[in-house]
Amino acid sequence: MGGKWETPQIVTDVDIAFGGNIDNLLPPLSEIPTEFTEGWTKWHQLAEDLLFDRPLTGTISDREGIDVYVAARHIRAILKSYKPDHDHKIAGAAFLLSKFYEDICI
């Protein structure tokens, strides 16, 4: 995987409120690695915790060269969208979280 999904996109407050242009924010299932479409990782747990506004426990390590504010807004816009089904949304958000952040210790 590379290119388009390596860095977060800038989204507006309207994108966050209504999900943004999901086709430009969320990778298609065909571009999400199998470990994210068929498994469960710490990134999936983080995506679900963010989706359901659960308190975050643990620490997230920033990835060098990534604006974590932009990354968080990109993920939030995906999670607020009604277009993708739940499994696609969580798999894609988990995959992107793994690209945008170095690590998470839950």
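Descriptive notes on the structure:
- Residues of the stretch 53-72 that are within 21 Å of ASN21 (Cα to Cα) and either out of contact with any Ser or Thr (no Cβ under 9 Å at 6 or more places or on another chain) or among the polar types (S, T, N, Q) (or both): VAL68, TYR69, ALA72.
- Subset of the stretch 95-106 [free of Cβ contacts under 8 Å to residues at least 60 places away in the same chain and within 17 Å of LYS4 (Cβ to Cβ)]: LEU97
- Among the residues making up the stretch 2-52, those that are on the phi > 0 side of the Ramachandran plot and either within 14 Å of the chain's Cα centre (by Cα) or of a type in the set (A, V, I, L, M) (or both) are GLY19, GLY20.
- In the stretch 66-94, residue nearest to GLU6 (Cα to Cα) [restricted to those that are in contact (Cβ under 8 Å) with a residue 12 or more places away in the chain and part of a loop (DSSP other than H, G, I, E, B)]: ILE66
- In summary, helices (runs of 4 or more DSSP H) completely within the stretch 1-61 and bearing 2 or more residues that are under 12 Å from GLY92 (Cα atoms) and free of Cβ contacts under 8 Å to residues at least 60 places away in the same chain occur at 22-25, 34-37, 42-51.
- The stretch 75-88 - residue that is crowded, with 16+ Cβ neighbours inside 10 Å and in contact with a Ser or Thr (Cβ under 9 Å, 6 or more places away or on another chain) and, of those, farthest from THR12 (Cα to Cα): HIS88
The numbers here are math on the coordinates, done by the rules we state, and not lab data. Just so we're clear, the structure is a prediction, and the values are computed from it rather than from any experiment. Because the Cβ atoms are built from the backbone with ideal geometry, glycine has one as well, and the counts that use them run over all protein chains shown.
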